[in-house]
1. Look through R23, R42 and report the one residue that is closer than 18 Å to S80 by Cα, out of contact with any helix residue (DSSP H, G or I) (no Cβ under 6 Å at 6 or more places or on another chain) and surrounded by 15 or more Cβ atoms within 10 Å (Cβ to Cβ).
2. Out of all the residues in segment 64-77, is one or more open to solvent by 10 Å² or more (accessible area, probe 1.4 Å), modelled with pLDDT of 95 or more and assigned to a helix (DSSP H, G or I)?
3. Let me spell it out: the conditions are (1) open to solvent by less than 20 Å² (accessible area, probe 1.4 Å); (2) within 11 Å of the chain's Cα centre (by Cα), and K9 meets all of them except one. Which number is the exception?
4. Hey, can you tell me all the residues within segment 6-19 that are farther than 14 Å from G86 by Cβ and in contact with a strand residue (DSSP E or B) (Cβ under 8 Å, 6 or more places away or on another chain)?
5. What pairs come out if I take residues in segment 5-19 that are closer than 22 Å to P54 by Cβ and pair them with residues that are in a strand (DSSP E or B) and at pLDDT below 95 whose C-beta lies under 8 Å away, six or more apart or interchain?
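The values are calculated or read from the model by the stated rules, or taken from the named source; none is laboratory data. All figures in this text were calculated on a predicted structure; none of them were measured in a lab. Neighbour counts run over all protein chains shown; Cβ positions are idealised from the backbone, glycine included. All accessible areas refer to the heavy atoms of the entire protein, side chains included, with ligands and DNA or RNA removed. Shrake-Rupley method; radii C 1.70, N 1.55, O 1.52, S 1.80 Å.
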Amino acid sequence: MTQAARIAKHVLVSGRVQGVWFRGWTVENAQARGLHGWVRNRPDGTVEAVFAGPADLVADMIAACHTGPTAARVAAVAQSDTRDEGWRDFAQRPTGED
C-alpha cells in the first residue's frame, strides 16, 4: 500500500463504552481489517482511537464503532482527520488524557 492510499482518523466514542470490552473488541476488529493505530480509555468515560489504513477500511471500522461489542451502548462517534504516525500494528494503550 502506498502512503497516498493511507489515511488516519482520530475517533472518540461515547456512551457505555468502558467496562464492556470495547477496547479488546476494537483491537480485534482493527487487526482483522489490517489497520494500524491504537485504542485507549479516557478518564472522562470515552474510548479514544486512531485508525490508519486504506480509506474504505478505516470508514468501515468507524461504522462498526457505532455499534461496538454486544454489551456496549454507543451514544456518539466523533471523528476527525489526524496525522498518520506510521504505526505498524494496532495496539491497546493505557488510559490517557492527551
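1. Working: R23 fails: closer than 18 Å to S80 by Cα.
Matching residue, one of R23, R42: R42.
2. Yes, segment 64-77 contains at least one residue that is open to solvent by 10 Å² or more (accessible area, probe 1.4 Å), modelled with pLDDT of 95 or more and assigned to a helix (DSSP H, G or I).
3. Checking K9 against (1) open to solvent by less than 20 Å² (accessible area, probe 1.4 Å); (2) within 11 Å of the chain's Cα centre (by Cα), the one that fails is (1).
4. Just the residues of segment 6-19 that are farther than 14 Å from G86 by Cβ, to begin with: 9-19.
Of everything in segment 6-19, those that are farther than 14 Å from G86 by Cβ and in contact with a strand residue (DSSP E or B) (Cβ under 8 Å, 6 or more places away or on another chain) turn out to be K9, H10, V11, L12, V13, S14, G15, R16, V17, Q18.
5. Taking only residues 6 or more apart or on different chains, not a single pair turns up.
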